[in-house]
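Working notes for the structure below.
The values are calculated or read from the model by the stated rules, or taken from the named source; none is laboratory data. This is a predicted model, so every value here is computed, not measured. Here the Cβ positions follow ideal geometry from the backbone for every residue, glycine too, while neighbour counts run over all protein chains shown.
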Amino acid sequence: MVIHGGGVIRIELIDRGDPAITDLTQAAMTMDGNWYDWDMSAVVPADATWVLLRVNIQDAFVPRPLNFRKNGNVNLQTIPGLVNQVVNKNYEAELLVPCDDAQIIEYMAPGAIALIEIIILGWICGS
């Protein structure tokens, strides 16, 4: 719950449940230093404003970042992401990423990452 301007706005994280599969892997991603859209509308409802992601990466090169942002955002200071710091070691994080009205976020990796596993854990609806 957040108090805003003298009123209370209710914010609720919706648990997706127990996903049967990984939602996005390196095999389905383009990794060349540019930003690419990830359309999550098949899983995330239309009124979602944020998504909670479980991200796992591993690579033989360090540092190798994987970054996310709201579709259309350009401010580099507001980008959640994950960076591997040791060769061939898994790095995992849960990241909260804002999505646009079409449930699209963007991702970016400067080069190929050997292992990426991303699961949509849930979402926040409303403003």
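In region 50-73, the qualifying residues are those that are in contact with a Cys (Cβ under 9 Å, 6 or more places away or on another chain) and assigned to a strand (DSSP E or B), and the one that is farthest from Glu94 (Cα to Cα) is Lys70.
Of the residues that make up region 97-115, is at least one surrounded by fewer than 19 Cβ atoms within 10 Å (Cβ to Cβ) and in contact with a Leu (Cβ under 7 Å, 6 or more places away or on another chain)? Among the residues of region 97-115, not one is surrounded by fewer than 19 Cβ atoms within 10 Å (Cβ to Cβ) and in contact with a Leu (Cβ under 7 Å, 6 or more places away or on another chain), which makes the answer no.
Against the test of being surrounded by fewer than 17 Cβ atoms within 10 Å (Cβ to Cβ) and of a type in the set (Val, Ile, Thr), the options Val87, Val55 yield a single qualifying residue, Val87. There is at least one residue in region 27-40 that is under 12 Å from Glu117 (Cα atoms), at pLDDT 95 or above and surrounded by 17 or more Cβ atoms within 10 Å (Cβ to Cβ). Of all the numbered requirements in (1) out of contact with any Phe, Trp or Tyr (no Cβ under 7 Å at 6 or more places or on another chain); (2) at pLDDT below 95, Pro80 misses one, and that requirement is (1).
Could you tell me how many of the residues in region 41-52 are buried (at least 18 other Cβ atoms within 10 Å of the Cβ) and either without any contact (Cβ under 8 Å) to a residue 60 or more places away in the chain or not aromatic (Phe, Trp, Tyr) (or both)?
If we filter region 41-52 for residues that are buried (at least 18 other Cβ atoms within 10 Å of the Cβ), which is where we start, we get 44, 48, 50-52.
Next, from what is left, pick out any that are either without any contact (Cβ under 8 Å) to a residue 60 or more places away in the chain or not aromatic (Phe, Trp, Tyr) (or both): 44, 48, 51-52.
Number satisfying all stated conditions: 4.
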